[in-house]
1. Can ALA212 be described as over 23 Å from VAL292 (Cα atoms) and either at pLDDT below 95 or surrounded by fewer than 23 Cβ atoms within 10 Å (Cβ to Cβ) (or both)?
2. I'd like the full set of residues that are in contact with an Asp or Glu (Cβ under 6 Å, 6 or more places away or on another chain) and buried (at least 17 other Cβ atoms within 10 Å of the Cβ), limited to the stretch 132-153.
3. Would you check if there is a residue in the stretch 251-271 being of a type in the set (Ser, Thr, Tyr) and over 16 Å from SER94 (Cα atoms)?
4. Could you give me the residue pairs with C-beta distances under 8 Å whose first residue belongs to the stretch 90-114 and is on the phi > 0 side of the Ramachandran plot, whose second residue is of a type in the set (Ser, Thr, Tyr) wherever it lies, and which are 6+ apart or on separate chains?
5. Select from the stretch 184-209 the residues that are basic (Lys, Arg) and assigned to a loop (DSSP other than H, G, I, E, B) and list them in ascending order.
6. Can you name the residue in the stretch 113-170 that is assigned to a loop (DSSP other than H, G, I, E, B) and among the basic types (Lys, Arg) and is also farthest from ILE90 (Cα to Cα) among such residues?
7. For the condition out of contact with any helix residue (DSSP H, G or I) (no Cβ under 7 Å at 6 or more places or on another chain) and in the same structural domain as ASP95 (by TED's automatic domain parsing), what is the one hit in ASN164, ASN182, ASN158?
8. Condition first: more than 19 Å from GLU303 (Cα to Cα), over 24 Å from the mean Cα position of the chain (by Cα) and crowded, with 16+ Cβ neighbours inside 10 Å. Can you find one or more residues in the stretch 154-161 that meet it?
Amino acid sequence: MKDMDETAQPFLPDDESLAMVDDAKSRATSPGQAGGMSRRSFLKCASLAIGAATVGGAVDALAIEPHWFKVTRHNIVVPNLPSKWDGVTIAQISDIHVGPNSTLAHAREIVDMCNDLRPDVIALTGDYVSKANAITQALVEVLRDLRAGVGKFAVLGNHDYWANATGVIASLRSAGIPLLKNSHRIVTRAGEPLCFAGVDDLFTGRSDAAQALAGVPRGTARILLCHNPDYAEELPAEPRVDLMLAGHTHGGQVVLPFIGPPVLPIKHRKYAAGLVTGPRCGVFVSRGLGMVGAPIRFNCRPELPLITMKSYQ
């Protein structure tokens, strides 16, 4: 841009130019118009925009998000974790719900995605099926392909009981996945122990952390698998739990902006999803990988969490 010459004379419009400007102003500010757009045109454009957004949201909820699986990564400090376990990873698989809304192909995709992460531990926190007819040898073969460097552990969910708990337990056993039903396993790494415990479902079974952790040495760090995160509110002061992994909520499946999930299948809404401070320990709640009820997810993608355990530094 050039500077104006200080000696230049200012431009003075003639009468014809002024008349053209006045005419343009009168057209732009005539009744029923604003900036050249009529009220009717504005409302039509707004309606089209709202309609497009509604259709787009419906397409996302029904056709995109339900099986748009996402790996989420979390660094979680675990009290009493031995130094040799620092940096060890846990992949959490929860709420696959093979059945009307999730197919075996989806389960296969989840298993492949999990194996690609090369986790040290795989924690399965319940609700593998929605219907009894989903308990098949084909499902066993899919679950059998899960690979973990240190170990795999599972607990049952309420839908597993409603479908056929005996069949689900047999399937897990055939797939080589230990079931922790108010019981535990202690695993050592470079001579340092870590306890993985699990409790039965809160709704349909009998959750008992005291039984699950009976006999675990006091100094040993404990990871507790539990399907329903509400059980965190019922944990006794002893025996101690250092971290609890749960599912069940699906994150609500639908999460509305500025509001959150309208519906959650738990009493304590703070356990909707993610890492939460419970009365006894930290609780990590997965949004899960499947669906129940309406086959939709909105603003709540199904997740496969990969947790990296960290010791206090």
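1. So ALA212 does not fit the description; no.
2. VAL150
3. No, the conditions are met nowhere in the stretch 251-271.
4. Pairs found: ASP95/THR125; ASP95/SER286; HIS97/TYR128; HIS97/SER130; GLY99/SER130.
5. Matches in the stretch 184-209: ARG206 only.
6. Within the stretch 113-170, the match that is farthest from ILE90 (Cα to Cα) is LYS131.
7. Just one listed residue meets the conditions, ASN158.
8. Checking the stretch 154-161: not a single residue is more than 19 Å from GLU303 (Cα to Cα), over 24 Å from the mean Cα position of the chain (by Cα) and crowded, with 16+ Cβ neighbours inside 10 Å.
The values are calculated or read from the model by the stated rules, or taken from the named source; none is laboratory data. In this text, all values refer to a predicted model and were calculated from it rather than measured experimentally. Every residue, glycine among them, receives a Cβ derived from its backbone with ideal geometry; neighbour counts consider all protein chains shown.
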